[in-house]
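Reading through the structure tokens given below for one structure.
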Amino acid sequence: MGCNSCHEILNTNAPGAPAVTRIRLLKPTSVALCATCHSDIVNASHPHAPVKRNCLTCHTPHVSEEKGLLKKDLSGEKGKNLCLDCHKQGLETPKGGSRHAALDMGCNTCHATHKSGDDCKPETRYHLVKAEADLCKDCHDPQDPKLQKAHHDQPVNGSDCLSCHDPHESRSPKLQRATLHSPYQMQACDSCHLPAKDGKVVLVNNDRRTLCVTCHADQVEATEKAPVQHPGAASDCTDCHDAHGSKSQWLMKPDPVNACLPCHQQQAEEHKKAHPHDPVFQQGCTICHMGHGGNNQHLLRVASPNALCLECHGTEVIPQPVENTPEVTIFDGKVRLPDTYFHRIRLLSLEHGTGHPVKNHPVTDVLDLNAPGKVKASMNCLTCHQPHSSANRALLVKDQAPDMAFCRNCHNNASDLKSAGTKIGDK
């Protein structure tokens, strides 16, 4: 191999002009060029984000003192650690909190940057060098008497350590998760557990759902009375919830997105589209949907699609801060979001049901002025937008691009855009 493996040399010899030599890459982008040799990395099923954008974010193209042509080492403090140029874990441990000592050993102690595989496995999602339980045991011996005492002599070998502990840092001691189940938080383990037997966990009641209902009977009653019920709410509670702790509200496991996708395969397929809706695939399904049961179709938090969307995209709803946390709430305190979430949300200044995507364009039902009370054209956010994802930006229905061809689905008379013909959904 040589320079011409990546570069093309162009010599220009125009009459009467000095000779010019130009050098350019054989491919238009660094990712495309690197893929000619490293296609297994670039085309992996769950790549590290920079792999899809620019390999030179982390690597130098020619020579480096670091292994793998990296720009910097993967350990050390900010400024010396390559990973900390993008990732902030371990840099902002709050007072009274805890920080994992393994961070000082280097990020590659636990992470394999280019690992790929089944998206549902945590070791793939978080690019771990091995499965979580096995990874923790590299440093923490499950037979250590101190470790056993800290866990009330319950068997921890093979347990999911990350159900209780944050792998990087926490605002609580002992790296405890942000959200803890009350009995665990109060160290009332005997509320659910009996002493271990033959190295196995023994519960107070063998039926886990019955055990949960001991404290959460109100949830069961509310679900049974709800006009629309989630079938999953009638099964084992620990299918969706962690019994000890979680990084998210409601103790969802493994997180608020992937708790739902194993059952909701259609939405899982939508996750593969180029433009996913952030609340769905970054924050969690329960931003828009009730988890157990509700009054509205599709378990939506409110009956009207517009009211649902405008909870985030409207100017009249003001998220409320949660004291002593980096979070805000919407839906009257029922849903929590990061306090930075609304920094990137597009707000719509609507007036009298109009104003998007252009001034005076309706976003609600258009009434027939000649027949009071009659709807001339049905209209809401879902007339034009998909709620979960799209192949094109703007999340338009049928994965269409946001151009005039889309508008002509309704406005098929170019000389009179105030009139609308066939609705998008009718085509």
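The values are calculated or read from the model by the stated rules, or taken from the named source; none is laboratory data. Keep in mind it's a predicted model, so treat the numbers as computed, not measured. With ideal geometry, Cβ positions are generated from the backbone for all residues, glycine too; neighbour counts draw on all protein chains shown.
Mind checking which residues of region 228-279 are in contact with an Asp or Glu (Cβ under 8 Å, 6 or more places away or on another chain), within 22 Å of THR329 (Cα to Cα) and among the charged types (D, E, K, R)?
The answer is LYS247, LYS253.
Here is a yes/no grid of residues against (1) in a loop (DSSP other than H, G, I, E, B); (2) touching a His at 6+ places or on another chain (Cβ under 7 Å):
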site: ASN258; (1), (2): yes, no
site: PRO262; (1), (2): yes, no
site: GLU269; (1), (2): no, no
site: PRO279; (1), (2): no, no
site: GLY291; (1), (2): yes, yes
site: ASN306; (1), (2): no, no
site: GLU311; (1), (2): no, no
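Looking at region 62-74, can you tell me whether even one residue there is assigned to a helix (DSSP H, G or I), within 19 Å of TYR126 (Cα to Cα) and at pLDDT 90 or above?
no
Kindly indicate the residue of region 247-275 that is under 13 Å from ARG177 (Cα atoms) and under 15 Å from the mean Cα position of the chain (by Cα) and also modelled with the lowest pLDDT among those meeting that condition.
Result: GLN249.
Going through region 153-196 one residue at a time, which ones are within 18 Å of LEU128 (Cβ to Cβ) and of a type in the set (Lys, Arg)?
ARG177
Table: residues versus (1) in contact with a helix residue (DSSP H, G or I) (Cβ under 9 Å, 6 or more places away or on another chain); (2) at pLDDT 90 or above.
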| residue | (1), (2) |
| --- | --- |
| GLN320 | no, yes |
| ASN324 | no, no |
| THR329 | no, yes |
| ARG336 | yes, yes |
| TYR341 | yes, yes |
| ASN370 | no, no |
| ASN380 | yes, yes |
| CYS384 | yes, yes |
| LYS398 | yes, yes |
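Looking at this structure, is LYS146 modelled with pLDDT of 90 or more, in a helix (DSSP H, G or I), on the phi > 0 side of the Ramachandran plot and not aliphatic (A, V, I, L, M)?
No; evaluated as a whole, the condition is false for this residue.
Just checking, how many residues over region 162-200 are within 16 Å of PRO254 (Cα to Cα), part of a strand (DSSP E or B) and among the hydroxyl-bearing types (Ser, Thr, Tyr)?
Residues that pass the stated criteria total 1.
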